[in-house]
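The values are calculated or read from the model by the stated rules, or taken from the named source; none is laboratory data. Worth saying up front: this structure is predicted, and the values here are computed from it rather than measured. Here the Cβ is made from the backbone with ideal geometry for all residues, glycine too, and neighbour counts use every protein chain on show.
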Amino acid sequence: MIKRCGWMVGVVAVVLSALAPAYAQDVEEVVFETFEAEDERLSLLHPENWVIEASEDGPGVVAANSEAAFDAIADTEAEYAPGDVALTILLFPTDYLPLLEIEVEEAFSAVELAEAFAEALFVTTDEGLVAPELGEAEEVEVEFEEETLVVGSVELTNAVSAGALVAFELQEGILVIALANTAPGEYADFAPIFWRMLASLEYAGNADDLIAQINQ
């Protein structure tokens, strides 16, 4: 179980925005390539011709299907053009949850994890940035290469986009926070691609390696 003890915006808040779970596009028609970080620890599949780079905010990636969408990732007020999508996937040590004032008990589900992250990160700040409206947390099963990935998803809506935050435990001590931005009402066209990217995510290290990488 996860218990949220308070509010704190930081660490990954600048790149977090919106995503919505849906299943409209035939992902089998998309040609994927493999992205591998320079240190060869993190890798995942992504559609060819997408812009993708290692995240500057910690181990993870930022990706988009256009330069304009990629540039908009760090802009919390950006409006995405029809057809544009931008994704953020970050690795987060379980030991760092207290930085977001999230208390983790011995056992927790992906749904509880996503709900706790959403409530801790998407709040009204002193700078006047208004949090998106949060929906109910739900469980989503993603099938890939005969494996099933179980993630937690929380629907988010605001004036310029609609979607959800997704979170799950990649391996012991390592969590994944993942989001995407699209024009309002368009995430259904991209969600299957996003699920494929998440399901292909690999990290060649353990929680201690991740913490050391963050503290470099």
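At-a-glance table
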| read-out | value |
| --- | --- |
| Residues that are surrounded by fewer than 23 Cβ atoms within 10 Å (Cβ to Cβ) and either hydrophobic (A, V, I, L, M, F, W, C) or in contact (Cβ under 8 Å) with a residue 60 or more places away in the chain (or both), drawn from segment 152-171 | E155, T157, N158, A159, V160, A162, E169, L170 |
| Some residue of segment 9-31 being at pLDDT 75 or above, among the aliphatic types (A, V, I, L, M) and farther than 13 Å from A178 by Cα | yes |
| Scan of segment 56-87 for residues that are hydroxyl-bearing (S, T, Y) and modelled with pLDDT under 90, ordered by number | T76, Y80 |
| Where D189 falls short, out of the listed (1) in contact with a Pro (Cβ under 6 Å, 6 or more places away or on another chain); (2) within 24 Å of W50 (Cβ to Cβ); (3) modelled with pLDDT under 85 | (1) |
| Selected residue (criterion: nearest to D75 (Cα to Cα)) from residues of segment 161-216 that are outside any strand (DSSP E or B) and of a type in the set (S, T, N, Q) | S161 |
| Set L90, L100, L44: member being modelled with pLDDT of 80 or more and more than 17 Å from A199 (Cβ to Cβ) | L100 |
